[in-house]
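The values are calculated or read from the model by the stated rules, or taken from the named source; none is laboratory data. Since this is a predicted model, take the numbers as computed values, not measurements. Glycine gets a Cβ as well: all are built from the backbone with ideal geometry, and neighbour counts include every protein chain shown. Note: areas computed on protein heavy atoms with side chains; ligands, DNA, RNA excluded. Shrake-Rupley method; radii C 1.70, N 1.55, O 1.52, S 1.80 Å.
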Amino acid sequence: MSVHKELKKITTNTLQKMKMQGEKISMLTAYDFSFAKLFDEAGMDVILVGDSASNVMAGHETTLPITLDQMIYHAASVVRAVQRSLVVVDLPFGTYQSNSDIALASAIRIMKETGAHAIKLEGGEEVMDSIQRIVKAGIPVMGHLGLTPQSIYKFGTYTVRATATDEADKLKKDILLLQEAGCFAAVLEKIPAELAKEVTESVHIPTIGIGAGPHCDGQVLVMHDMLGINTEFKPRFLRRYLNLHEQITSAVQQYIQDVKQKEFPNQSESY
Ligand code: KIV
C-alpha cells in the first residue's frame with residue numbers, strides 16, 4: 001500500500017517517508033478554490049501556490065511583480081478547498097532577500113493569514129539566514145535551486161542551469177546547506193538529469209523536479225501548462241495532459257453561437 005493512502009493528511013513527514021520508500025511525490029500548482037478542490041480530490045500530494053501566479057493569473061512577464069498580499073489572497077482561496085494535500089506557498093520576490101527579520105515576518109503572515117502548511121523560497125547560501133530564522137520559528141520551508149525565476153534578470157535567459165562545473169558545484173553545496181538548515185524538501189528546476197540524480201542521492205530530504213529529469217523524488221508542473229491552457233509555452237520538459245485551450249475555445253464559441261441564434265436558453269432552461 002502506498003504511504004499516502006495510509007495517512008489522512010499529507011504532512012512534511014509523509015513526504016520524507018515517501019522518499020524513504022521510493023514512492024514518487026506529485027506536486028501541481030493551484031491559485032484558486034475551484035482548481036485546488038479538484039486537485040485535492042484527485043489525490044495530489046502537494047499543492048504549490050506558486051509565484052507563477054504572477055504569470056498565469058496576472059499576466060506579468062516574470063514572477064517579480066506579484067506582492068505578498070496577492071500571494072496571500074491566492075493561498076487563502078486554495079487552503080479553503082483543501083482537505084488532504086500539503087499546501088506550500090511561495091514567498092514572493094522582495095519579501096525575504098533583504099534581511100531575515102523581513103523574511104520571518106513575511107513567512108509568518110503567510111502562515112497566519114492563509115492557513116497554509118509551509119512556505120517555499122528560492123536560493124541557497126545567499127538566503128541561509130532567512131531560512132534558519134523561518135525554520136526556527138516552526139515554519140516548514142521548501143527550498144528551490146537551479147533555475148530560480150526570481151533571479152531571471154541575473155541569468156538573462158530561461159535556459160537549463162548548472163551545466164558548468166562551478167554552478168553545479170555550488171548547487172551541490174547549496175542542497176546540503178538547505179538540508180542542514182532544516183528544509184523539508186527542495187525544488188530542482190531545469191538542471192541536467194544526471195546532476196539532479198546526484199543531488200537527490202546526496203540528501204535525505206526529498207527533491208521535487210521540474211525539468212530536472214526522472215531521478216528526483218517527485219515532480220511539479222504549473223497547472224496551466226500541464227492542462228494545456230497555455231499553448232505558447234513549450235519547453236522540452238513539459239508534458240501536456242489536456243488541450244484545454246482548444247476545448248474551452250470551442251465550448252465558448254458554441255455558447256456565443258447559441259446566444260446569437262437564440263438557441264440558448266430553450267424552454268426547459270427557462271422558468
Ligand atoms: O512558482 C511556481 O510555479 C514554481 C514552480 C515552477 C516550481 O515555483
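Nearest 10 degrees is fine. How inclined is helix 165-181 to the longest principal axis of the chain, computing both from alpha carbons?
90 degrees
Order the peptides 154-162, 245-253 from the highest to the lowest mean number of other Cβ atoms within 10 Å of their residues.
154-162, 245-253
Which value, in debye to the nearest 20, describes the size of the charge dipole of the stretch 100-200 about its Cα centre when Lys and Arg Cβ atoms bear +1, Asp and Glu Cβ atoms bear -1, and nothing else is charged?
Around 300 debye, computed over the stretch 100-200.
Under the rule a/c < 1.5 gives rounded, and otherwise a/b versus b/c splits prolate from oblate, where does the stretch 30-122 land using the Cα gyration tensor?
oblate
Return the Rg/Rh ratio of the stretch 3-240 with Cα-based radii and a Kirkwood Rh.
0.92
Just from its helices, what would the mean residue ellipticity at 222 nm be for the chain, if runs of 4 or more DSSP H residues each count -39500 (n - 2.57) and the sum is divided by every residue, rounded to the nearest 500 deg cm²/dmol?
-12500 deg cm²/dmol
Roll a 1.4 angstrom probe over the protein heavy atoms and tell me the percent of accessible area of the stretch 3-240 that is carbon or sulfur.
54 percent
Just read off the accessible area of LYS190 with the full protein assembly in place, 1.4 Å probe, to the nearest 10 Å².
Here the accessible area works out near 50 Å².
Quick check on my link table: of LYS8/LYS37; LYS17/LYS112; LYS19/LYS172; LYS112/LYS136; LYS37/LYS190; LYS19/LYS234, which ones sit more than 21 Å apart, alpha carbon to alpha carbon?
Long pairs (Cα-Cα over 21 Å): LYS17/LYS112; LYS37/LYS190; LYS19/LYS234.
Any idea of the accessible area per residue across the chain, 1.4 Å probe, to the nearest Å²?
Each residue of the chain exposes 52 Å² on average to a 1.4 Å probe.
What is the dipole size for the chain, taken about its Cα centre, with +1 at each Lys and Arg Cβ and -1 at each Asp and Glu Cβ, in debye to the nearest 20?
In debye, rounded to 20, the chain gives about 480.
Could you tally the net charge around CYS216, taking each other residue with its Cβ under 14 Å from the Cβ of CYS216, Lys/Arg +1 and Asp/Glu -1?
Within the 14 Å Cβ shell, the charges total -3.
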